[in-house]
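Asker: The structure's right below; bear with me while I get my questions together.
The values are calculated or read from the model by the stated rules, or taken from the named source; none is laboratory data. On a predicted model such as this, the values are computed, not experimentally measured, just so you know. When we count neighbours, we look across all protein chains shown, and the Cβ atoms used for this are built from the backbone with ideal geometry, even at glycine. Just the protein is used for accessible areas: all its heavy atoms, side chains included, with ligands, DNA and RNA removed. Shrake-Rupley method; radii C 1.70, N 1.55, O 1.52, S 1.80 Å.
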Amino acid sequence: MENRKLAVLIDADNAQASLTAELLAEVAKYGTAIVKRAYGDWTTSQLKGWKEVLHKHAIHPIQQFAYTSGKNSTDSALIIDAMDLLYTGNFDGFCLVSSDSDFTRLATRLREGGLTVIGIGEKSKTPRPFIAACDKFVFTEILRPEKAQETTAVNDKPKTRSTRQSKSKPAVQKEIHPLQAMFTSAIDAVARESGWAELSAVGSYIAKNDPSFDPRNYGHSRLSQMVKKLDFLSVQEQRNGSKLHSEIRLKEGDSSDSTSTVSSTAPAGNPADGPSPVTAPVRKKRTPRKKTEPAAKAG
């Protein structure tokens, strides 16, 4: 689903502008957002928070005035545009960002047209029929960066204990690489259960979220050369004939495991670790032979 062409249609009246970056990052897992539109009455003060977000993420705002006070005509404009995009035949799926039940029939109609429908909305507000009408539905509560804050808080607890022993460890927090957050989100999105992710998949995911990303901006001609210089990543390479297959994973919390997997692919690190597990069972086999020697003498 990585190469799917998606149309992202946002109901700004029923979506949160603060989660736009996380929302688009989630969409990138399912395909490429070819069309990004947000619908609403931008003359009202309720949508002021969207102004900076729209420009930052290249989302095209669609103005729809409320013809009658107390009623919202944004839904109709979104549905009409969705059907127009459907009949173009240029898309593989739609992403409907809203918690409104009025889009239930739209979701089923898009699926009847053979397209994939991904819904994104709040868990407490989205009705069950709209969720069931989508192929995949993601709750915005999952996209909120609260987990990242909790993990940093947990990581801060042992660091506060270590500060009693040494005052140099808090400086580690300031040495976080500027690319670590970007690679962390990309690896989490495409990694297998083992934690390893194909470098090509990571690169394509980053390019979808940040079109300006280029290893040459950081002094490297290729991405494969760049990841080898990043201290927070472990790299393993496997050569199949003339092709070189590269995979990466995060070192955080698994420094011992990451070094072992890297040493298995790097021949320079194997001699130190390889013989020790082999010679250990050989010595165990020799010990019973020494016990049989005095028994032979006694006979």
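Asker: Modelling each spin label as a point 7 Å along the Cα-to-Cβ direction, I'd like the Asn240/Ala66 distance in nm, to one decimal.
Answerer: 5.8 nm
Asker: In square angstrom, what is the accessible area per residue of segment 200-252 with a 1.4 angstrom probe? Each step should come with its number before you reach the end.
Answerer: Numbers: 3200 Å² over 53 residues.
Result: 60 Å² per residue.
Asker: Starting from the exponent 0.38 and prefactor 2.2 Å, build the expected Rg for segment 1-148 from its residue count and divide its actual Cα Rg by it.
Answerer: Details: Rg = 14.3 Å, N = 148, 2.2 N^0.38 = 14.7 Å.
Computed over Cα atoms of segment 1-148, the ratio equals 0.97.
Asker: Here's another thing I want to ask about it. Suppose each label sits 7 Å from its Cα in the direction of the beta carbon; what would the His55-Ala207 distance come out to in nanometres?
Answerer: 2.9 nm
Asker: In the structure shown, do any of Lys208/Lys228; Lys208/Lys243; Lys29/Lys56; Lys36/Lys243 have a Cα-Cα gap over 29 Å, and if so which? Please list the in-between numbers first.
Answerer: Details: Lys208/Lys228 22 Å; Lys208/Lys243 25 Å; Lys29/Lys56 20 Å; Lys36/Lys243 37 Å.
Over 29 Å Cα-Cα: Lys36/Lys243.
Asker: Right, something else. Need the C-alpha centroid separation for segment 1-68 versus segment 70-127, integer Å.
Answerer: For segment 1-68 versus segment 70-127, the Cα centre distance is 13 Å.
Asker: How far apart, in nm, are the 7 Å Cα→Cβ label points at Asn3 and Ser194?
Answerer: 2.5 nm
Asker: Using the charge dipole of segment 1-109 (Lys, Arg: +1 at Cβ; Asp, Glu: -1 at Cβ; taken about the Cα centre), state which of Asn14, Ala77, Ser99 has its Cα farthest towards the positive end.
Answerer: Most positive-ward Cα: Ala77.
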